[in-house]
Amino acid sequence: MIRVLCVDDHRIVRDGLTLVIDQQPDMKVVGCAATGEEAVAVFERQRPDVTLMDLRLGAMSGVDAIRAIRRLQAGARIVVLTMSRADEDIHRALAAGAAMYLLKDAAFDDLLRIIREVHAGRQPEISPDVKARLAERASRPALTPREIEVLELVRKGLRNREIAASLGVSEETVQSHVKHILAKLEVPDRTAAIDVALRRGILQSAV
């Protein structure tokens, strides 16, 4: 029996997954969670064989929950099940240790097959869409952690002088970071940079 944990912030999704999974002769849902914190707690208590993990969960993201779960159990098998096609979300989830990245528009038959494959220790084939987005990300220059930090402050409406004071650097350093951000994202201004960063998952949308 494959013991499954379902993590999603929408009850209708959790209930739907539970209904389908519990109809399988070789699977059983042993727990559900609506937040990242709850997911870690339920995982620690139930130790499921496979965890289905959404990414948008509130204060503790799905990626953070994946990292926390894999600190509890290094070999934890986690399948990301999400609406997000953002290349940074895909990269972060797989880098955190997810065994598979699956979009919510996938068929239930595909989800059930992937649960079985992951449980058996096999590596399922990533969809062409997800592969293409990873390849596109690899072809672009990545923002540094400091550049992402600066962009987040730009998003909050801070001016260069305020960003410099917040980070304890010079205003010239901030100007240099902003210039590099615009060049890497191939955009003409800060507003466009924020739009692109949100679309690609570099910045997280407000929950």
Taking residue 168 as the residue in question, decide whether it is modelled with pLDDT under 95, on the phi > 0 side of the Ramachandran plot and out of contact with any helix residue (DSSP H, G or I) (no Cβ under 6 Å at 6 or more places or on another chain). no
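It is to be established whether one or more residues within the stretch 187-204 are touching a residue at least 40 places away in the same chain (Cβ under 8 Å) and touching a strand residue (DSSP E or B) at 6+ places or on another chain (Cβ under 6 Å). If you could, list the steps in order and put the result at the bottom.
Of the stretch 187-204, the ones touching a residue at least 40 places away in the same chain (Cβ under 8 Å) are 193-194, 197, 199-204.
Next, from what is left, pick out any that are touching a strand residue (DSSP E or B) at 6+ places or on another chain (Cβ under 6 Å): none.
So far as the stretch 187-204 goes, no, none of its residues is touching a residue at least 40 places away in the same chain (Cβ under 8 Å) and touching a strand residue (DSSP E or B) at 6+ places or on another chain (Cβ under 6 Å).
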Among the residues of the stretch 89-135, what is the count of those that are among the small types (Gly, Ala, Ser), without any contact (Cβ under 8 Å) to a residue 12 or more places away in the chain and assigned to a helix (DSSP H, G or I)? 3
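Here is a list: 64, 54. Which entry is at pLDDT 95 or above, closer than 20 Å to residue 129 by Cα and of a type outside the set (A, V, I, L, M, F, W, C)?
Details: 64 fails: closer than 20 Å to residue 129 by Cα.
Of 64, 54, the one residue that is at pLDDT 95 or above, closer than 20 Å to residue 129 by Cα and of a type outside the set (A, V, I, L, M, F, W, C) is 54.
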Residue selected from the stretch 2-43 under the condition in contact with an Asp or Glu (Cβ under 8 Å, 6 or more places away or on another chain), aliphatic (A, V, I, L, M) and part of a helix (DSSP H, G or I), by the criterion least open to solvent (accessible area, probe 1.4 Å): 17
Filter the stretch 54-80 down to residues that are acidic (Asp, Glu) and surrounded by fewer than 24 Cβ atoms within 10 Å (Cβ to Cβ), then give me how many there are. 1
Would you confirm whether any residue within the stretch 91-114 is acidic (Asp, Glu), farther than 22 Å from residue 2 by Cβ and surrounded by 18 or more Cβ atoms within 10 Å (Cβ to Cβ)? no
Scan the stretch 142-178 for residues that are closer than 24 Å to residue 88 by Cβ and open to solvent by 70 Å² or more (accessible area, probe 1.4 Å) and report the count. 6
When you look at residue 83, is it modelled with pLDDT under 95, open to solvent by 50 Å² or more (accessible area, probe 1.4 Å) and not polar (S, T, N, Q), yes or no? yes
Checking residue 157 against (1) small (Gly, Ala, Ser); (2) within 20 Å of residue 62 (Cα to Cα); (3) not in a helix (DSSP H, G or I), which single condition isn't satisfied? (2)
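The values are calculated or read from the model by the stated rules, or taken from the named source; none is laboratory data. As the structure is a prediction and not an experimental result, all values here were calculated from the model. Backbone-built Cβ (ideal geometry, glycine too); neighbour counts: all protein chains shown. Just so you know, the surface numbers come from the protein's heavy atoms only, side chains and all, with ligands and any DNA or RNA stripped out. Shrake-Rupley method; radii C 1.70, N 1.55, O 1.52, S 1.80 Å.
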